[in-house]
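The values are calculated or read from the model by the stated rules, or taken from the named source; none is laboratory data. Keep in mind the model is a prediction, meaning the values are calculated, not measured. Here the Cβ positions follow ideal geometry from the backbone for every residue, glycine too, while neighbour counts run over all protein chains shown.
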Amino acid sequence: MRKRECVWVASVAAAVVAAAWRARVAARRSPAPAGAPRVVIVGAGFAGLAAARALAGRPVHVLVVDRRNHHLFQPLLYQVATAALSPGDIAAPIRHVLRAQRNTEVILGDVARVDAGARTLHLADGTRVPYDLLVVATGATHSYFGRADWAPLAPGLKTLEDALEIRRRIFTAFERAEREADPAARRALLTFVVVGAGPTGVELAGALAEIARYTLSADFRHISPESARVVLLELAPRVLPAYPERLSGAARRQLERIGVEVRTGAQVTGIDAAGVDVAGERIESRTVLWGAGVAASPLAGSLGAPLDRSGRVEVRPDLSIPGHPEVFVAGDLARFVQDGAAVPGVAPAAIQAGRHAARNALRRARGRRTLRFRYRDRGALATIGRAAAVGRVRGLELTGLAAWLAWLGVHIAFLIGFRNRVAVLLGWAWSYATFDRGARLITETAEQRRVEAQLHGPAPPDARVGEGAPASR
Ligand SMILES: Cc1cc2nc3c(=O)[nH]c(=O)nc-3n(C[C@H](O)[C@H](O)[C@H](O)COP(=O)(O)OP(=O)(O)OC[C@H]3O[C@@H](n4cnc5c(N)ncnc54)[C@H](O)[C@@H]3O)c2cc1C
């Protein structure tokens, strides 16, 4: 082909691509026709948001209801809890994310119950919301295995409020230790226990060890933050029990290298304000964090569908519920069995299921046969610290730096919003270069101060304040 012909072919191709792109954008922005069916999506987490996006420009009215005004990127919550990122870096207003979808409305509302017979949602404020088709994606919450009294003593990590509470407890413990004259009390303040060595527990324990070793090492005068003890407890015989054995072993070694004390086969039998009882031993600790159990959102109970032991809805192959082909359940709230095993509660599974539920809702609205869901597992990654991670990507097992780089790439790619991607990338680059964690703020309400004083007594006497730094700590 001559040069002029090449230029001509390239220009036509560019014009076709631009026209297709403009048509796509215009379609996403077109409102639904009057009288179109109403699809209500409850929850704008990974599954709900994917469902809403899949319905952009389709001939249905979409209503998204969430009790929060933001979509939250839970996989990076532990970084807010450990001060590497700020809340706004990992959350995006749902209304803003869906602003270009003219067929979609967003409301802030807490759904208390679903009346599937009457095709109506009941919000906690008494409002009723009718629907023609429903996608329920309200996710999961913590489970303390019947020990609800442990919840205030060992906070779990699920929401931004949880992350800020954990951050407050971690940095308050160091501050109190600096002023504590009694060595035993100081030791308890500098002992951090994480219960559960799934991905969240491993990430929290790794980040805690790095905070103590690097971030705070030069900031105090009377304590050595690097002497802090981080204990990770797991009932199963290995950390990351859902990962292949080789990766569990690699994760354990990487954790131990940065100073985490890992105890497997360790059953926690008691938690109180002063510590943890585990396998017949007592660990005095003022900061206990929970990364163990999850239970499905209680909204599942009102659907009238069969539930599994964790309260997840047993969905049919097309993600609908028995007896109500117009109701679909997606994400962590659903129990979907494929090839003899339940699909895991992870973000990619929720996104795929959310999209599929939306497609099936559309097919149902058009009177077409719905399609079976099939989860495509492309892998899983868990990070431990700087250049330390493990993972499985498209069948390949990765550890160390390679896994960590894959983890960084995947999290940036999945994060919602360009601003957040840039903010997180810059934050990570800064932390990597300086060991600093820029969001080390202790923010607390009067109520939190009251509970703190109730649990741990008043702040220690100021015996050492103003003494100046000892010659050696
Ligand atoms: C700390 C942590 C770390 C994680 N790390 C990873 C990871 O590294 N990789 C990975 O793949 N997965 C990870 N996960 C799991 C992943 O985040 C979940 O699988 C995913 O969020 C499930 O998506 P979902 O849409 O089902 O639920 P969610 O994302 O939990 O969204 C549920 C939505 O429903 C809303 N909602 C709940 N109840 C109501 C109600 N009654 N009325 C109105 N709205 C309601 C909530 O506000 C929320 O917006 C992690 C989870 C946590 C908690």
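When the residues of the range 30-74 are narrowed to those that are crowded, with 24+ Cβ neighbours inside 10 Å, within 11 Å of the ligand (Cβ to nearest atom) and without any contact (Cβ under 8 Å) to a residue 60 or more places away in the chain, which ends up farthest from LEU164 (Cα to Cα)?
VAL64
Can ALA112 be described as farther than 24 Å from ASP318 by Cβ and within 11 Å of the ligand (Cβ to nearest atom)?
Taking the combined requirement at face value, the residue satisfies it.
Give the residues of the range 244-260 that are in a loop (DSSP other than H, G, I, E, B) and either at positive phi or at pLDDT 95 or above (or both), sorted by residue number.
ILE258, GLY259
Among what's in the range 162-208 and is closer than 22 Å to ALA387 by Cα and aliphatic (A, V, I, L, M), pick the residue that is nearest to the ligand (Cβ to nearest atom).
LEU204
Please pick out the residue among ALA84, ALA100 that is closer than 30 Å to PRO31 by Cα, out of contact with any Leu (no Cβ under 7 Å at 6 or more places or on another chain) and either surrounded by fewer than 22 Cβ atoms within 10 Å (Cβ to Cβ) or in contact (Cβ under 8 Å) with a residue 60 or more places away in the chain (or both).
Exactly one residue qualifies, and that residue is ALA100.
Between a first residue in the range 282-294 that is touching a residue at least 24 places away in the same chain (Cβ under 8 Å) and part of a strand (DSSP E or B) and a second residue that is buried (at least 24 other Cβ atoms within 10 Å of the Cβ) and among the aromatic types (Phe, Trp, Tyr), which pairs have beta carbons less than 7 Å apart while being 6 or more apart in sequence or on different chains?
From the range 282-294, the pairs are THR287/PHE192.
Residue-by-condition table, conditions (1) crowded, with 16+ Cβ neighbours inside 10 Å; (2) modelled with pLDDT of 90 or more:
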{"residue": "THR399", "(1), (2)": "yes, yes"}
{"residue": "TRP407", "(1), (2)": "yes, yes"}
{"residue": "PHE418", "(1), (2)": "no, no"}
{"residue": "GLY457", "(1), (2)": "no, no"}
{"residue": "PRO460", "(1), (2)": "yes, no"}
{"residue": "GLY468", "(1), (2)": "no, no"}
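Is one or more of the residues making up the range 375-386 of a type in the set (Asp, Glu), under 20 Å from the mean Cα position of the chain (by Cα) and surrounded by 14 or more Cβ atoms within 10 Å (Cβ to Cβ)?
yes
So for the range 405-418 (the condition being in contact (Cβ under 8 Å) with a residue 24 or more places away in the chain and either polar (S, T, N, Q) or touching a Cys at 6+ places or on another chain (Cβ under 6 Å) (or both)), does at least one residue qualify?
Scanning the range 405-418, I find no residue that is in contact (Cβ under 8 Å) with a residue 24 or more places away in the chain and either polar (S, T, N, Q) or touching a Cys at 6+ places or on another chain (Cβ under 6 Å) (or both), so the answer is no.
Please note which strands (runs of 3 or more DSSP E) are completely contained in the range 314-420 and include at least 2 residues that are within 12 Å of the ligand (Cβ to nearest atom).
By residue number, 379-385, 388-393.
From (1) in contact with a helix residue (DSSP H, G or I) (Cβ under 6 Å, 6 or more places away or on another chain); (2) assigned to a helix (DSSP H, G or I), pick out the condition that doesn't hold for LEU240.
LEU240 satisfies all of (1) in contact with a helix residue (DSSP H, G or I) (Cβ under 6 Å, 6 or more places away or on another chain); (2) assigned to a helix (DSSP H, G or I) except (2).
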